[in-house]
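Structure record follows, encoded as structure tokens.
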Amino acid sequence: MKKVLLIFCILLLPFSLSLSFNSPSFIWSYVTSYQTDELMYWKVNYIQKLIDLIEDYLPFLERSGITLPITSDIEVHFIDVGQGDSVYIKLPNNVDILIDGGNNWYGDDVVTYLKSQDVDDIEYLIATHPDADHIGGLDDVLKAFEVENVYAPDVSHTTKTYNDFVLEVRNEGTYIKTAKAGITLINPALAAVIGCPSFSNVYFVGPVKNYGTDLNSWSAVMKLDFGNSSYLFTGDADRISEKDMIDNSMFLKADVLKVGHHGSDSSTSQEFLKEVNPKYAVISVGKNNNYGHPAQEVLERLEMCKVDLFRTDLQGHIIAISDGNKINFNVEPINIVNLMEDAQESTPQKTSILITHLDVSDEKVTICNNTDIDVDLTGWVLVSEVGNQKFNLPDGYILKAGKCVNILSGRNAIDEPPTNLKWTGAYIWNNDSDIAALYDAEGVLISRVEF
């Protein structure tokens, strides 16, 4: 026993010394660096041997009741990016993980948020799947930070948003590694090196197979164990993917569940909730979104399972902090029962402003005011999601009650207010597939139409 402890102390001595100078472990620095110089081979080989030895002795130490030193708590930040996803994870020794980056127009906000948390580089960046509301802001993140590892499922897309992401990964001088069930990012030995408690590791539990063109089912699902606390990040994984994870005996139990697909009823089945058995759930969702997220059925299932709920649309950024045992949040959980009662008592309102027509060939979008009052569209924005191009409605533009306006682009675009507004003489809309989204002055999604 003494011999084992002595060996283990020797192995961790450089790590301990580095902590005394309040700097990241040099072991960690070498392990996460991409070494190409042959003169550095012996260092890399030596470090790997240390990791292997720690991995060999770790189970014995844990069985003996010996816990490893923790250099700091873990922080999990569910960043408010409207109708989208972005999660920042701060591990000990400044090891940073970012899962998704929200939509295109939230890229700068995500970068600003990360800098406010003193992020200087990102060790692991994960794009859960190619949807724009998950990867749209990642190209801005890649431009702003050095990123060491990029993971994404083995599925691509033809959109400009996805191509922008892939291009920035190449510009970063790295490549996309495959995210799938069974892939480990940080094993217990490496977790020990960076200062995590015993039983810590980070790995993927999904996707478990090929899902063809079903992008949501392709979502990379990541499990994070930090001591006795655990987290499950599901992207937009739907019921098909959830069932496959259960059928493939993935260990899904987690204290904190990032609810799939913004609370859509297509995700978070009763069977999946039973397997995960979370104490807490976080829904990343846009305020007054056009999809009805989160679904009443999902809220009812969470309430039935007595899960404490947090929502970005109602509470902004959600932050969970853990020492490896207890998990604390920066805000109080929402009363789900009151939330459901309010939803049932409220009278459905007719949407006041709608995109009623999208013609990508004629480069025309029609927006109509269905109410009996005039609406000031100052500060409103029309977005082509595929091209991430924006048209700002003119200051002082009033859309009269019961009237419509055409937003025109392309060579034949004309500017004849108030009926026709010219966006640009360039072609905006993707003829194969595109989405027109209309946001009000507060950034709330009002209407969305897909071609």
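The table that follows gives values for the structure above.
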item: Residues of region 116-140 satisfying the condition of being farther than 9 Å from residue 103 by Cα, surrounded by 21 or more Cβ atoms within 10 Å (Cβ to Cβ) and small (Gly, Ala, Ser); result: 127
item: Lone qualifier among 252, 314 - being among the hydrophobic types (A, V, I, L, M, F, W, C) and more than 28 Å from residue 196 (Cα to Cα); result: 314
item: Residue count for region 349-358, restricted to those that are under 30 Å from residue 428 (Cβ atoms) and modelled with pLDDT under 75; result: 2
item: Number of the condition not met by residue 179 [criteria: (1) closer than 20 Å to residue 251 by Cβ; (2) over 18 Å from the mean Cα position of the chain (by Cα)]; result: (2)
item: Residue check, residue 111 among the hydrophobic types (A, V, I, L, M, F, W, C), farther than 21 Å from residue 183 by Cβ and in contact with an Asp or Glu (Cβ under 6 Å, 6 or more places away or on another chain); result: yes
item: Per-region count, region 225-279, residues in a loop (DSSP other than H, G, I, E, B) and under 23 Å from residue 328 (Cα atoms); result: 12
item: Selected residue (only one of 167, 190, 138 is of a type outside the set (Asp, Glu), in the same structural domain as residue 317 (by TED's automatic domain parsing), more than 28 Å from residue 247 (Cα to Cα) and under 16 Å from the mean Cα position of the chain (by Cα)); result: 138
item: Residues being surrounded by 19 or more Cβ atoms within 10 Å (Cβ to Cβ) and among the small types (Gly, Ala, Ser) - total across region 364-386; result: 1
item: Search result, residues across region 175-188 that are among the aliphatic types (A, V, I, L, M) and either assigned to a loop (DSSP other than H, G, I, E, B) or surrounded by fewer than 18 Cβ atoms within 10 Å (Cβ to Cβ) (or both); result: 179, 181, 183
item: Among residues of region 141-171, those that are crowded, with 19+ Cβ neighbours inside 10 Å and farther than 25 Å from residue 432 by Cβ, counted; result: 6
item: Region 233-263: number of residues that are surrounded by fewer than 23 Cβ atoms within 10 Å (Cβ to Cβ) and of a type in the set (Ser, Thr, Tyr); result: 1
item: Some residue of region 206-213 being of a type in the set (S, T, N, Q), under 17 Å from residue 237 (Cα atoms) and either buried (at least 21 other Cβ atoms within 10 Å of the Cβ) or more than 18 Å from the chain's Cα centre (by Cα) (or both); result: yes
item: Within region 360-451, strands (runs of 3 or more DSSP E) holding 1 or more residues that are within 27 Å of the chain's Cα centre (by Cα), modelled with pLDDT under 90 and of a type outside the set (S, T, N, Q); result: 435-439, 445-450
item: Number of positions in region 209-241 that are basic (Lys, Arg) and touching a strand residue (DSSP E or B) at 6+ places or on another chain (Cβ under 7 Å); result: 1
item: Filter result for residue 195 (under 17 Å from the mean Cα position of the chain (by Cα), touching a residue at least 40 places away in the same chain (Cβ under 8 Å) and either in a loop (DSSP other than H, G, I, E, B) or within 27 Å of residue 105 (Cβ to Cβ) (or both)); result: no
item: Condition met for residue 271 (more than 16 Å from the chain's Cα centre (by Cα) and surrounded by 23 or more Cβ atoms within 10 Å (Cβ to Cβ)); result: no
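The values are calculated or read from the model by the stated rules, or taken from the named source; none is laboratory data. As the structure is a computational prediction, the values presented were derived from the model and not from experiment. As a convention, Cβ positions derive from the backbone with ideal geometry for all residues, glycine included, and neighbour counts pool all protein chains shown.
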